[in-house]
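The values are calculated or read from the model by the stated rules, or taken from the named source; none is laboratory data. The structure displayed is predicted, hence computed values, not measured ones. Cβ atoms come from the backbone with ideal geometry, glycine included; neighbour counts cover every protein chain shown.
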Amino acid sequence: STVLVTGANGFVAMWVVRKLLEEGYHVRGTIRSASKGDYMRKVFEDLGDKLELVVVPDIEKEGAFDEAVKGVDAVVHMASPYHFGAVDPAELIDPAIRGTLSILQSALKYGTNIRRIVITTSTAAMVRPTNTPIVFTEDDWNDASIQEVKEKSRDAPGYIKYFASKTLAERAAFDFVEKNKESIGWDLVTIAPPYIFGPMINELSSPSSANASLAEWYQAILESAKSPEELKTSGNAWADVRDIALAHVRAIQQPEAEGRITVSADSFNWHDWVDVVHSLNPSPYPPNSYVQSDPSYDPKTAVRLLNFDTTKARRVLGIDKYISMEQSARDMLEDFRSRG
Ligand code: NDP
């Protein structure tokens, strides 16, 4: 069967495409310009001729995906801006919402074979500010970020604009399904990952041009971008990109999957990664390349604020083992190292 993957050249999408090809699916990937396809074709040339790339220059345009959805059995919609540098919130929010509605609209009209649509949301669409640890579930919605963008508009912090874009796009998707439930032949699954780390198979010229999560990790660990205090007290949750790709593939395959599903390996403080990289032996970089470890940090007593209940992912997607921090860090560092 054929799966349509939007934003197919991205960090996470490339791993999804790879897993799908390995499992024998035909993949139709959308990219914004033809030039992004050359590198992809090279990466996947050993996996046969089941990859088809189509150019969708503007995902916000009505009917943008009309041709792309024809004949496919499932969709993974991943194309969405992911960065914290937007000034005008619309720069993130418009493509996130309109891109989502545009693919759902095209699927409704022309996706006669489609049985499942998987949209990549984020735990960003669940969290709220907190000073004490919280375990978030699929029932939590980040309405606070929407409110903050409404109030502060351009003056809202960059990450809040991104959080709002993911929350609004995911809500729009579920609203669309509710409104059209009589006429659609597919069901919707949203996969909510936290920070995604791990090795890259996407095109990359230098570490600083990595996607937002890897760039932040690289800057924190190898360029001391976070203060010692920040390293010890701030963090989030994370999962390896290969586990997240697997979750997307399972979300297509498992008939009982529906609704929102959080996929997360564990919570972390940034200093936990500092300890991990210093423990690697052999180490991909000389140990003094890494930000210094602070002996006053005690991982056993440290507080990790953002935690996620992953019971549903275990039950519905069968994801019960996650790649470890050591493995993820090692593979990611070797990758950065090899790309200079
Ligand atoms: P990348 O930046 O590597 O990939 C983003 C993809 O979306 C690229 O193909 C990009 O195309 C495309 N895209 C971005 N903006 C637009 C736009 N305005 N119109 C059309 N296409 C666009 O990021 P990731 O792989 O990390 O992210 C993939 C998805 O996963 C996103 O939806 C993101 O929100 C979500 N996510 C990521 C997490 C992470 O930690 N990485 C965590 C949780 C969710 P182009 O290359 O042409 O710019």
Residue ID - nearest to Y110 (Cα to Cα), chosen from residues in segment 71-83 that are within 14 Å of the ligand (Cβ to nearest atom) and either of a type outside the set (F, W, Y) or surrounded by fewer than 20 Cβ atoms within 10 Å (Cβ to Cβ) (or both) = V75
inquiry  = I'm checking my understanding of the structure. Among residues of segment 285-333 that are hydroxyl-bearing (S, T, Y) and within 18 Å of I134 (Cβ to Cβ), which one is surrounded by the fewest Cβ atoms within 10 Å (Cβ to Cβ)?
reply    = T311
note = Only one of (1) surrounded by 20 or more Cβ atoms within 10 Å (Cβ to Cβ); (2) within 13 Å of the ligand (Cβ to nearest atom) does not apply to E203, and that is (1)
note = Scanning segment 28-70 for residues that are small (G, A, S), surrounded by 12 or more Cβ atoms within 10 Å (Cβ to Cβ) and under 12 Å from S106 (Cα atoms) gives A64, A68
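Considering only residues of segment 187-198 that are more than 9 Å from the ligand (Cβ to nearest atom) and crowded, with 20+ Cβ neighbours inside 10 Å, which is farthest from S224 (Cα to Cα)? I'd like the intermediate steps shown before the answer.
We begin by selecting, within segment 187-198, every residue more than 9 Å from the ligand (Cβ to nearest atom); these are 187-190, 198.
Narrowing the set further to residues that are crowded, with 20+ Cβ neighbours inside 10 Å leaves 188-190, 198.
Values: L188: 41, V189: 38, T190: 34, G198: 19 Å.
Applying the filter and picking the extreme gives L188.
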query = Of all residues in segment 210-244, which are within 10 Å of the ligand (Cβ to nearest atom) and part of a helix (DSSP H, G or I)?
reply = A212, S213, L214, A215, E216, W217, V241, I244
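Has segment 264-272 got at least one residue that is more than 13 Å from M325 (Cα to Cα), away from the ligand (no atom under 13 Å from the Cβ) and surrounded by 21 or more Cβ atoms within 10 Å (Cβ to Cβ)? Lay out the reasoning, then the answer.
Step one: filter segment 264-272 for residues more than 13 Å from M325 (Cα to Cα), giving none.
Within segment 264-272, not a single residue is more than 13 Å from M325 (Cα to Cα), away from the ligand (no atom under 13 Å from the Cβ) and surrounded by 21 or more Cβ atoms within 10 Å (Cβ to Cβ).
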message = So V16 ticks every box in (1) under 19 Å from the mean Cα position of the chain (by Cα); (2) of a type in the set (A, V, I, L, M); (3) assigned to a strand (DSSP E or B); (4) closer than 25 Å to L92 by Cβ but one. Which box is left unticked?
response = (3)
query = If the Cβ limit is 6 Å and pairs must be 6+ apart or interchain, which residue in segment 1-15 that is at pLDDT below 95 pairs with which residue that is more than 9 Å from the ligand (Cβ to nearest atom) and not aliphatic (A, V, I, L, M)?
reply = none
task = Taking V43 as meeting all but one of (1) touching a residue at least 60 places away in the same chain (Cβ under 8 Å); (2) within 10 Å of the ligand (Cβ to nearest atom), write down the number of the exception.
result = (2)
query = Is segment 84-93 home to any residue that is in contact (Cβ under 8 Å) with a residue 60 or more places away in the chain, in contact with a Pro (Cβ under 6 Å, 6 or more places away or on another chain) and near the ligand (Cβ under 9 Å from one of its atoms)?
reply = yes
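Residues are listed down the side, and each one gets a yes or a no for (1) small (G, A, S); (2) under 22 Å from A247 (Cβ atoms); (3) free of Cβ contacts under 8 Å to residues at least 12 places away in the same chain:
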residue: L104; (1), (2), (3): no, yes, no
residue: K109; (1), (2), (3): no, no, no
residue: T120; (1), (2), (3): no, yes, no
residue: T123; (1), (2), (3): no, yes, no
residue: F136; (1), (2), (3): no, yes, no
residue: V149; (1), (2), (3): no, no, no
residue: F163; (1), (2), (3): no, yes, no
residue: E178; (1), (2), (3): no, no, yes
